[in-house]
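This report concerns only the one structure given below.
The values are calculated or read from the model by the stated rules, or taken from the named source; none is laboratory data. Fair warning: this is a prediction, and the values are worked out from it, not measured in the lab. Note: ideal-geometry Cβ built from the backbone for every residue, glycine included; neighbour counts use all protein chains shown. To get the accessible areas, we keep the full protein, side chains included, count just its heavy atoms, and leave off ligands, DNA and RNA. Shrake-Rupley method; radii C 1.70, N 1.55, O 1.52, S 1.80 Å.
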Amino acid sequence: MNYIASKRAKYLGKYSALTLVAMVFLFPVWLVFINSLKRDTEIYVNLFGLPKAFQFVNYADAWINGKFHMYYMNSIVITAASVGFILVFATLSAFALSRRDLIGKKLINVLFIIGITVPVQVSLMPLFVLVKDMGLYNSMIGVVLIFIAFRIAFATFIVTGFIEGIPVELEEAATIDGANSFSLFTRIILPLCKSSISAVAIFNLVFVWNNFWFPLIFLSSQSKKTLPVGLLSFMGEETTAFGKLFAGIMILTLPVMIVYLLLQKHFVQGVTAGAVKG
Amino acid sequence: MKPAMKALLKRNAAYYSFLLLPLTLYFLFFLYPNASALIWSFFKWDGMAPEMEFVGLKNYIDLFTKNTIFYTALKNTFAYTIILMIGSNLMGLIVALLIHKPSKINNVFRTVFYLPGVLATVAIGSMWTLGVYNPNFGVLNTFLRSIGLDALTTAWLADPRTALFCVALVHVWQNMGFSMILYIAGLQEIPEELYEAASIEGADSLQTVWHITLPLLRRVASIVMVLVLIFGMRSFDLIFIMTEGGSAFGTTEVLTTLLFRQGFTFRKVGFSNAIAVILLIVVVLTSAIQKIFLREKDGGQ
């Protein structure tokens with residue numbers, strides 16, 4: 001009896017402590033959420049409390065006047081294109097690298113490891129000059145190409161590790177039946193590495209969606225800005241319109257939070273696979 | 001050529017073609033600019049003039065002898081990285097120890113603690129700058145005032161005594177979920193029998209953690225350490241967003257912000273690239289040293 005009681009007390013104590021920590025931990029996110037629903041005048045006097053009247057003025061303001069509807073579209077286009085190509089290229093490369101002893105395979109692997117460790121800032125100046133020379137400055141295509149180039153190494157690495165764990169016998173049997181390399185890829189490999197592909201997809205989705213760095217440097221016109229860049233300029237220009245800024249943060253983070261809550265299993269897989277490989 | 005040989009080449013040709021486009025993009029937009037960075041660090045250039053002037057090691061020598069802010073940046077980079085490593089590892093490990101067993105409620109907590117890891121840095125930066133650190137109505141100062149500690153209130157991100165630490169703390173908040181997930185994965189690999197044996201021997205939970213769990217986590221810990229170290233060394237985004245490009249009177253200047261300002265603002269391209277190369281060497285060296293150090297410890301046990 002005593003033993004059970006003390007165990008229950010321990011359990012209760014542990015989880016109440018954890019709940020408290022979690023509440024403090026999430027407080028900044030909560031703060032942004034409730035204040036995005038208040039008017040600016042209320043934010044100054046009542047930062048912590050719930051809004052007196054829930055209203056979506058800030059959201060409308062950010063969406064229409066703040067041009068967030070435009071940034072939103074740009075973010076979707078750039079993210080979809082980048083992630084789509086990263087997936088196609090990474091799975092194809094991983095298939096080739098894990099199934100054939102190609103000449104230069106070792107070199108390619110080493111070059112990909114470089115791609116995973118080198119800080120982005122190292123190549124920034126030369127990349128900037130290159131992009132300008134190629135006429136790709138202020139072009140969304142240019143930004144997509146850069147995203148692909150910077151993410152392909154890591155993505156290929158993870159999928160390669162996964163494909164190497166798939167037995168070759170299936171493909172050998174299919175080859176005898178007359179399948180060519182492309183149909184081996186589409187009919188056998190792709191269906192079998194779905195889980196690693198979704199982990200890579202979600203990971204890059206979040207990366208590209210959240211990245212402000214490449215769009216900030218390589219896109220100049222207002223009409224091509226992405227959400228994070230739009231939010232950044234909000235932060236610079238409007239030092240008094242906090243409600244609008246908070247609404248902007250919510251517009252930027254809400255889609256990712258929803259995807260995260262729905263597909264968290266794949267996030268965990270992606271983190272673990274990436275770290276163990278790296 | 002024998003038909004079999006021909007067929008083999010032909011079959012591999014398809015595989016080469018799979019690699020063609022991705023490798024082209026990788027070479028053009030990633031490897032080539034990185035190689036250029038290395039080469040440009042031996043030149044003097046403003047980024048626009050048609051001619052670059054070869055200056056040998058001058059950029060590097062200037063960096064170490066003339067530029068005192070370089071040492072500040074180097075020191076700050078290490079300080080920031082150490083705060084991140086200690087904070088992210090310690091918090092991640094403690095939370096992982098509490099919630100690593102698979103259950104519904106633990107899963108909820110895991111979701112909560114990894115959440116900042118998926119949020120955009122721009123959002124996190126503005127969230128903390130305005131909501132928490134804002135000197136007028138931010139959470140921190142409001143709280144200190146409410147308990148009568150007005151003397152402790154400050155402009156957290158502008159005050160040279162607090163700025164670097166405050167930004168690093170946000171990075172810890174963003175990153176601890178990452179460490180936690182890896183530690184949880186490591187903890188779930190430890191066989192249940194070991195814990196049972198320990199409890200039969202009469203070990204309490206702290207003893208179990210100390211004598212069984214922690215030694216077995218060494219491999220995961222070394223992975224987490226090296227990764228967080230690399231994150232810390234190359235951190236840029238939060239510092240850039242929260243302290244206006246690392247300015248704050250130079251107190252939050254790190255290598256990445258320094259090289260960005262030298263290159264894009266002052267147009268000293270060669271000089272900026274010399275910093276980039278130093279950064280690269282520092283990242284590779286420190287992570288290599290750490291890897292060797294942790295591996296040796298591993299072997300000794």
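Among the residues of the stretch B:215-237, which ones are among the β-branched types (Val, Ile, Thr), over 9 Å from residue B:81 (Cα atoms) and either touching a residue at least 60 places away in the same chain (Cβ under 8 Å) or part of a loop (DSSP other than H, G, I, E, B) (or both)?
B:224, B:226
Can you name every residue in the stretch B:118-154 that is part of a loop (DSSP other than H, G, I, E, B), more than 14 Å from every other protein chain (Cβ to nearest Cβ) and out of contact with any Lys or Arg (no Cβ under 9 Å at 6 or more places or on another chain)?
Hits for the stretch B:118-154 are B:147, B:148, B:149.
Of the residues that sit in the stretch A:215-243 and are within 19 Å of residue A:144 (Cα to Cα) and buried (at least 23 other Cβ atoms within 10 Å of the Cβ), which one is nearest to the other protein chains (Cβ to nearest Cβ)?
Ranking the candidates gives A:228 first.
Any residue in the stretch A:83-90 that is over 24 Å from residue A:162 (Cα atoms) and open to solvent by less than 50 Å² (accessible area, probe 1.4 Å)?
No: zero hits.
Out of B:46, B:62, report the one residue that is more than 30 Å from residue B:217 (Cβ to Cβ), in contact (Cβ under 8 Å) with a residue 24 or more places away in the chain and not in a helix (DSSP H, G or I).
None of the others qualify; the one that does is B:46.
Would you mind stating whether residue A:97 is more than 29 Å from residue A:209 (Cβ to Cβ), assigned by TED's automatic domain parsing to the domain that holds residue A:203 and in a helix (DSSP H, G or I)?
Answer is no for this residue.
Residue A:160: away from chain B (no Cβ under 11 Å), farther than 22 Å from residue A:226 by Cα and part of a helix (DSSP H, G or I), yes or no?
In short, yes.
Of (1) farther than 20 Å from residue B:251 by Cα; (2) surrounded by fewer than 20 Cβ atoms within 10 Å (Cβ to Cβ); (3) away from chain A (no Cβ under 13 Å); (4) not aliphatic (A, V, I, L, M), residue B:89 satisfies all except one. Which?
Residue B:89 satisfies every listed condition except (2).
Inside the stretch B:151-170, can you point out the residues that are within 30 Å of residue B:100 (Cβ to Cβ) and open to solvent by 20 Å² or more (accessible area, probe 1.4 Å)?
Passing the criteria: B:165, B:169.
Which residue out of A:271, A:206 is closer than 27 Å to residue B:238 by Cα, within 8 Å of chain B (Cβ to nearest Cβ), open to solvent by less than 10 Å² (accessible area, probe 1.4 Å) and not in a loop (DSSP other than H, G, I, E, B)?
A:271
Of the conditions (1) open to solvent by less than 10 Å² (accessible area, probe 1.4 Å); (2) farther than 25 Å from residue B:175 by Cα; (3) at pLDDT 90 or above, residue B:277 clears all except one; give me its number.
(1)
When you scan the stretch A:63-94, how many residues do you find that are over 30 Å from residue A:106 (Cβ atoms) and aliphatic (A, V, I, L, M)?
Number satisfying all stated conditions: 8.
Restricting to the stretch B:193-214, and then to whatever is open to solvent by less than 60 Å² (accessible area, probe 1.4 Å) and in a helix (DSSP H, G or I), can you tell me which residue is nearest to residue B:260 (Cα to Cα)?
So the residue we want is B:214.
Let me spell it out: the conditions are (1) open to solvent by less than 30 Å² (accessible area, probe 1.4 Å); (2) among the aliphatic types (A, V, I, L, M); (3) in contact (Cβ under 8 Å) with a residue 12 or more places away in the chain, and residue B:144 meets all of them except one. Which number is the exception?
With (1) open to solvent by less than 30 Å² (accessible area, probe 1.4 Å); (2) among the aliphatic types (A, V, I, L, M); (3) in contact (Cβ under 8 Å) with a residue 12 or more places away in the chain applied to residue B:144, the lone miss is (3).
Could you list, ordered by first residue, the pairs with Cβ atoms under 8 Å in which the first is in the stretch B:25-43 and facing chain A (nearest Cβ under 7 Å) and the second is among the polar types (S, T, N, Q), at least 6 apart or interchain?
Matching pairs, first to second residue: B:30/A:123; B:33/A:123; B:34/A:123; B:36/A:123; B:37/A:123; B:37/B:273; B:40/B:273.
Testing residue B:73 on (1) free of Cβ contacts under 8 Å to residues at least 24 places away in the same chain; (2) farther than 29 Å from residue A:265 by Cα; (3) more than 9 Å from chain A (Cβ to nearest Cβ); (4) assigned to a helix (DSSP H, G or I), one condition comes back false. Which one is that?
Single failed check for residue B:73: (1).
Among the residues of the stretch A:131-140 satisfying the criterion of being touching a residue at least 24 places away in the same chain (Cβ under 8 Å) and assigned to a helix (DSSP H, G or I), which is least open to solvent (accessible area, probe 1.4 Å)?
A:131
Given the conditions (1) closer than 30 Å to residue A:269 by Cα; (2) of a type in the set (Phe, Trp, Tyr); (3) at the interface with chain B (Cβ under 10 Å from one of its Cβ atoms); (4) open to solvent by less than 50 Å² (accessible area, probe 1.4 Å), report the number of the one that residue A:128 does not fulfil.
With respect to (1) closer than 30 Å to residue A:269 by Cα; (2) of a type in the set (Phe, Trp, Tyr); (3) at the interface with chain B (Cβ under 10 Å from one of its Cβ atoms); (4) open to solvent by less than 50 Å² (accessible area, probe 1.4 Å), residue A:128 is out only on (1).
Since residue B:136 meets every condition but one in (1) surrounded by fewer than 17 Cβ atoms within 10 Å (Cβ to Cβ); (2) out of contact with any helix residue (DSSP H, G or I) (no Cβ under 9 Å at 6 or more places or on another chain), which condition does it not meet?
Every listed condition holds for residue B:136 apart from (2).
Residue A:197 versus (1) within 13 Å of chain B (Cβ to nearest Cβ); (2) open to solvent by 10 Å² or more (accessible area, probe 1.4 Å); (3) closer than 18 Å to residue A:93 by Cβ: which is the lone unmet condition?
(1) is the only condition that residue A:197 fails.
Got a number for residues in the stretch A:95-112 being among the β-branched types (Val, Ile, Thr), under 29 Å from the mean Cα position of the chain (by Cα) and open to solvent by 30 Å² or more (accessible area, probe 1.4 Å)?
Total meeting the criteria: 1.
Kindly indicate whether residue B:97 is under 30 Å from residue A:40 (Cβ atoms), assigned to a helix (DSSP H, G or I), more than 8 Å from every other protein chain (Cβ to nearest Cβ) and open to solvent by 30 Å² or more (accessible area, probe 1.4 Å).
The answer is no for residue B:97.
Only residues that are touching a Leu at 6+ places or on another chain (Cβ under 9 Å), over 16 Å from residue B:273 (Cβ atoms) and open to solvent by 20 Å² or more (accessible area, probe 1.4 Å): list them for the stretch B:26-69, please.
Scanning the stretch B:26-69 gives B:27, B:28, B:69.
Considering (1) within 11 Å of chain B (Cβ to nearest Cβ); (2) farther than 17 Å from residue B:98 by Cα; (3) touching a helix residue (DSSP H, G or I) at 6+ places or on another chain (Cβ under 7 Å), say which one residue A:38 fails and leave the rest.
Residue A:38 satisfies all of (1) within 11 Å of chain B (Cβ to nearest Cβ); (2) farther than 17 Å from residue B:98 by Cα; (3) touching a helix residue (DSSP H, G or I) at 6+ places or on another chain (Cβ under 7 Å) except (1).
Would you check if there is a residue in the stretch A:37-56 being part of a helix (DSSP H, G or I), open to solvent by less than 80 Å² (accessible area, probe 1.4 Å) and in contact (Cβ under 8 Å) with a residue 60 or more places away in the chain?
Within the stretch A:37-56 (the criterion being part of a helix (DSSP H, G or I), open to solvent by less than 80 Å² (accessible area, probe 1.4 Å) and in contact (Cβ under 8 Å) with a residue 60 or more places away in the chain), the answer is yes, since at least one residue qualifies.
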